[in-house]
1. What is the one condition in (1) at pLDDT 95 or above; (2) in contact with a helix residue (DSSP H, G or I) (Cβ under 7 Å, 6 or more places away or on another chain); (3) surrounded by 14 or more Cβ atoms within 10 Å (Cβ to Cβ) that Leu98 does not satisfy?
2. Between a first residue in segment 29-43 that is closer than 14 Å to Thr56 by Cα and a second residue that is in a loop (DSSP other than H, G, I, E, B) and modelled with pLDDT under 95, which pairs have beta carbons less than 6 Å apart while being 6 or more apart in sequence or on different chains?
3. Out of (1) surrounded by 15 or more Cβ atoms within 10 Å (Cβ to Cβ); (2) in contact (Cβ under 8 Å) with a residue 24 or more places away in the chain, what's the single condition that is false for Trp75?
4. Out of the residues in segment 1-31 that are β-branched (Val, Ile, Thr) and under 15 Å from the mean Cα position of the chain (by Cα), which is farthest from Trp75 (Cα to Cα)?
5. Using the structure shown, decide if Glu42 is within 27 Å of Ser132 (Cβ to Cβ), out of contact with any Ser or Thr (no Cβ under 7 Å at 6 or more places or on another chain) and among the acidic types (Asp, Glu).
6. Working only within segment 26-60, note down all residues that are in contact with a strand residue (DSSP E or B) (Cβ under 7 Å, 6 or more places away or on another chain), over 22 Å from Arg108 (Cβ atoms) and not aromatic (Phe, Trp, Tyr).
Amino acid sequence: MMVATGVGVIIVNPQGLILLGKRCGSHAPFWSIPGGHLDPGETFEQCARREVAEETGLQIAPPRFIGISNNLQTWQAEGKHTVSICMWVQHPGGQPELKEPEKCAEWRWCSPTALPEPHFEASRNAIALWLSGNVYQPSI
């Protein structure tokens, strides 16, 4: 069993809302920030920009690293262990599009303090790190 590395991107609009997608397919029915698995040879920034473009059509600036999350609840529930690199960027403008409708049913701007449920663990952890200003929250 390998531990997979993911990159998640918090995109914040001028009103302070963040972009969340309603996942379908293998992540049904969780809400989540945009993101995905890191490809071999990719920087975190390259992965973030690629995943956001693939999922939403948005062309973001290079995002800023905000933290790292060890997603152990998903490991306990599903047997899939991921470590997530959490990134942040300002919304570049424009409307997010459903570029991968088989993976995501809708995009919605949401308050980071009132997340829709059920919420993907890696996304919840990234948002919590961003709001708290921490880069890591130990799992005790």
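1. (2)
2. So the pair list comes out as Ser32/Phe120.
3. The number of the failed condition is (2).
4. Residues of segment 1-31 that are β-branched (Val, Ile, Thr), as a first pass: 3, 5, 7, 9-12, 18.
From the residues that got through so far, the ones that are under 15 Å from the mean Cα position of the chain (by Cα) too are 5, 7, 9-12, 18.
Numbers: Thr5: 13, Val7: 17, Val9: 21, Ile10: 23, Ile11: 26, Val12: 28, Ile18: 26 Å.
If we take residues in segment 1-31 being β-branched (Val, Ile, Thr) and under 15 Å from the mean Cα position of the chain (by Cα), then Val12 is farthest from Trp75 (Cα to Cα).
5. On the way: within 27 Å of Ser132 (Cβ to Cβ): no; out of contact with any Ser or Thr (no Cβ under 7 Å at 6 or more places or on another chain): yes; among the acidic types (Asp, Glu): yes.
In short, no.
6. Correct list: His37, Leu38, Cys47.
The values are calculated or read from the model by the stated rules, or taken from the named source; none is laboratory data. What you see is a predicted model; the values in this text were computed from it and never measured. Heads up, the Cβs are rebuilt from the backbone with ideal geometry, glycines too, and the neighbour counts pull from every protein chain shown.
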